[in-house]
Amino acid sequence: MAAPRALGSARGLRALSRPVFQLQSQSPSPSFPSPSLSRCFSGSVPCLHDANAPSPSDRASSAGAAGNKTTHFGYETVLESEKENRVAGVFHSVAESYDRMNDLMSFGWHRVWKDHFVASLAPGLSTSNPGQPQRILDVAGGTGDIAFRLVSAAHAASPNPKLHVTVSDINSSMLSVGRDRSLALPASHQACLSFLEANAERLPPQVQDNSLDLYTVVFGIRNFTNPLAALREAHRVLKPGGVFACLEFSKADKHPLFNYVYKRWSFGAIPLIGQLVAGDRDSYQYLVESIERFPSQEQFRDMILEAGFEVSGDGYEDLTGGVAAIHKGVKPLA
């Protein structure tokens, strides 16, 4: 396992060292079988669009070039070229009930985790130049849940905060939900937002090298076809000293009894509730399996290091016994 590198700047250290609450549980882990749309909303808020997004024929060529390289879709093994379309189908299906889905998978704790995650980031403070607006990219953030929290926290800290948050998602249905919800925000909050349909593994030219202060991704990276490629893209577009911050479902293996109960709930109840509440058992089954297949805290930390980031301490903080974890990395200054 790679040893975490020391942070290269005191500013980055402060960003990473903010406390993260934990609810520790005592607990033997059970065994489970492994089985451009880019409309802007009205007003002054800009909306970015990936004008260079690959056409269907381009995607077909890319799939051919990729050959038979495989990845996982839940517990299934599929071609990499197939996973993106299947994940898209899941999120087209659950877009309207996405927050309710997270309520089911986290017993409602995702709202507490998200509030804490955003508070730890001090949105509105530029890492490179305090006089310049902080530029934030919220990836896989289509419904706006994190972006709205970031903007709200910045306005709570300052009556006229200097920041701009681009909500990016590969899924047009998720972005549509976010755009619609944004219309209920105060005009001053809307002015801080834009929306971008894009693939996090191949960000469009609008997102330039060394241009961002903060890159966030919440409950999204486990669904990417190639998470390491997305991490490398995050490293490319962040400024030196910029922060990568991720909140994701993780492993509660350190607490076996708690982990047993949690997995029984996840695999036994969530797909059934998905069927009863949303009429969609398969999408919820995939989402549970995607959590199980995601790397452990230490494995994902090592991927962040491999992408070129520096981390502080263990490189992650467990939430609720490890059901979720916050990961942060800083792009080195040199």
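Summarising the label geometry, the points placed 7 Å from Cα in the beta-carbon direction at GLN275 and GLN208 lie 5.3 nm from one another. In this structure, the pairs whose alpha-carbon distance is over 24 Å, taken from LYS114/LYS254; LYS83/LYS328; LYS114/LYS162, are LYS83/LYS328. Each residue of region 111-118 was assigned a 3J(HN,Hα) from its phi angle through the Karplus curve 6.51 cos²θ - 1.76 cosθ + 1.60 (θ = phi - 60°); the sequence is 5, 5, 4, 5, 4, 5, 4, 5 Hz, with glycine and proline shown as x.
Computed 3J(HN,Hα) for region 170-182, one whole-Hz value per residue from the Karplus formula 6.51 cos²θ - 1.76 cosθ + 1.60 where θ = phi - 60°, is 7, 9, 5, 5, 5, 5, 4, 4, x, 4, 4, 5, 5, glycine and proline marked x.
The calculated FRET efficiency for GLN299 paired with ASP115, based on their beta-carbon distance and R0 = 22 Å, is about 0.25.
With a Förster radius of 51 Å applied to the C-beta separation of ALA334 and GLU82, the computed FRET efficiency comes to 0.80. A protection proxy built from the mean count of other Cβ atoms within 10 Å ranks the segments 140-146, 116-122, most packed first, as 140-146, 116-122.
Amide H contacts under 5 Å for ALA324: SER250, LEU319, restricted to partners 5 or more places along the chain or on a different chain, H placed in the peptide plane at 1.01 Å from N. Residue-wise HN-Hα couplings along region 158-164, as the Karplus relation 6.51 cos²θ - 1.76 cosθ + 1.60 with θ = phi - 60° gives them from phi, are 8, x, 9, x, 9, 7, 9 Hz; Gly and Pro carry x. Amide H contacts under 5 Å for GLY241: LYS331, LEU333, restricted to partners 5 or more places along the chain or on a different chain, H placed in the peptide plane at 1.01 Å from N. Put simply, when 177-188, 158-169 are sorted by average Cβ atoms within 10 angstrom per residue, most first, you get 158-169, 177-188.
With each label modelled as a point 7 angstrom along the Cα→C-beta vector, the LEU183-ASN160 pair spans 3.0 nm. Remark: the PHE107-TRP265 segment gains 55.9 nm on full extension, using 0.36 nm per residue and subtracting the alpha carbon distance.
Amide H contacts under 5 Å for THR70: GLU80, restricted to partners 5 or more places along the chain or on a different chain, H placed in the peptide plane at 1.01 Å from N.
Within the shell of other residues whose beta carbon sits under 11 angstrom from the beta carbon of PRO133, the net charge comes to +1, with Lys and Arg scored +1 and Asp and Glu -1.
What region 213-334 shows is 31 Å² of accessible area per residue, with the surface traced by a 1.4 Å probe over protein heavy atoms.
The values are calculated or read from the model by the stated rules, or taken from the named source; none is laboratory data. Just so you know, these numbers come straight off a predicted model, no measurement behind them. All Cβ positions, even for glycine, are placed from backbone atoms using ideal geometry, and neighbour counts span all protein chains on display. Protein only, heavy atoms only, side chains kept; ligands, DNA and RNA dropped before computing areas. Shrake-Rupley method; radii C 1.70, N 1.55, O 1.52, S 1.80 Å.
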